[in-house]
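Down below is the structure, laid out as structure tokens.
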Amino acid sequence: KFGFNIRSGEALKAVGSVLQKDSLVFAGVHCHLGSQLLDAAPFIQAAPVMADLAAALKERLGAEPEMLDIGGGLGVRYTEKDSPLSIEDFSRLVTGCIKEAFEKRGLSLPHLLLEPGRSIVAEAGTTLYTAGQPKEVSLAGEPYRRIYLPVDGGLSDNPRPALYDAEYSVMIASRADKPRDTLYTVSGRHCETDRLFPDVMLQKADWGDIMAVQTTGAYCHSMASNYNRFPRPAVVFVSGGKPRLVYRRETPEDLVKCDLF
């Protein structure tokens, strides 16, 4: 729903409209290729496309883009199977292919913009939950007895598993030195299908244990809500072993402060 199509000519038409208005300044072009990209292939494929667009703008409208925003999407390690590029390798590959594409078409090199997003903050974040009482049940069609492990959070503080089937690395932090020998379905405290982590191998857990979910520094607190009228949890920054509260835990008073009685 965003942007203008290049092949249909909409992008050229849009820039032409900008150039005709004294109140607008044409600075450059922007594209967005996706999210959680673990290699540079989409950026390498986009470089000649954007260079062709820049060449067409120069030839047909006399407007050479001064800036190229290549978008965001560089992935991070959510689980062991994720192996994203390093910032250094990513930068080298992206700048190299863009430079080659623009120089090949005789274009001036634009100022290159990038939206690094989650790659800056995601791996810096860890969410801590307190485990409730494990519950073992038999479900029709399953060859084993499923063990539900409830936690004191879920859909309201991290909607990504429900929205995108997002996966995370999880551990029982209070038993981190123990083997991962128990298969759990970690369930949130909300209604609906609040299954945070189905079928995850963890250390044997009990009531009151602390569960750590890694790589939650992006798209968790920013997407959190008061769904089911639950308060958002606190956010603490830690540096050099020293904690600093940066977002206090919400209270029941916070939940009703906008209500008119």
Flagged in segment 10-33 as touching a residue at least 12 places away in the same chain (Cβ under 8 Å), of a type outside the set (A, V, I, L, M) and part of a loop (DSSP other than H, G, I, E, B), in numbering order, are Phe26, Cys31, His32
Kindly indicate which of Pro110, Pro116, Pro161 is more than 30 Å from Phe197 (Cα to Cα) and not charged (D, E, K, R).
-> Pro110
Those residues of segment 220-251 which are assigned to a loop (DSSP other than H, G, I, E, B) and aromatic (Phe, Trp, Tyr), in sequence order | Phe230
Of all residues in segment 42-52, how many are touching a helix residue (DSSP H, G or I) at 6+ places or on another chain (Cβ under 6 Å) and open to solvent by less than 70 Å² (accessible area, probe 1.4 Å)?
-> 4
Sort out which residues of segment 219-235 are among the hydroxyl-bearing types (Ser, Thr, Tyr) and surrounded by fewer than 20 Cβ atoms within 10 Å (Cβ to Cβ), and write them in order of number.
-> Ser222, Ser225, Tyr227
The lone condition Pro110 fails out of (1) touching a strand residue (DSSP E or B) at 6+ places or on another chain (Cβ under 6 Å); (2) modelled with pLDDT under 95; (3) farther than 19 Å from Thr216 by Cβ is (2)
Which one of these does Ser108 not meet: (1) free of Cβ contacts under 8 Å to residues at least 60 places away in the same chain; (2) open to solvent by 80 Å² or more (accessible area, probe 1.4 Å); (3) in contact with an Asp or Glu (Cβ under 7 Å, 6 or more places away or on another chain)?
-> (2)
Name the pairs: first residue in segment 115-144 and under 28 Å from Thr215 (Cβ atoms), second residue part of a loop (DSSP other than H, G, I, E, B) and basic (Lys, Arg), Cβ to Cβ under 8 Å, at least 6 apart or on different chains?
-> Glu123/Arg77
Just one of Asp69, Asp52 is more than 26 Å from Ser119 (Cβ to Cβ), at pLDDT 95 or above and not polar (S, T, N, Q); which is it?
-> Asp52
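The values are calculated or read from the model by the stated rules, or taken from the named source; none is laboratory data. Since the structure is predicted, the reported quantities are computational estimates derived from the model, not experimental observations. Virtual Cβ from ideal backbone geometry, glycine too; neighbours counted across all protein chains shown. Ligands, DNA and RNA are stripped out before the accessible areas are found, and what is left, the full protein with its side chains, is counted by its heavy atoms. Shrake-Rupley method; radii C 1.70, N 1.55, O 1.52, S 1.80 Å.
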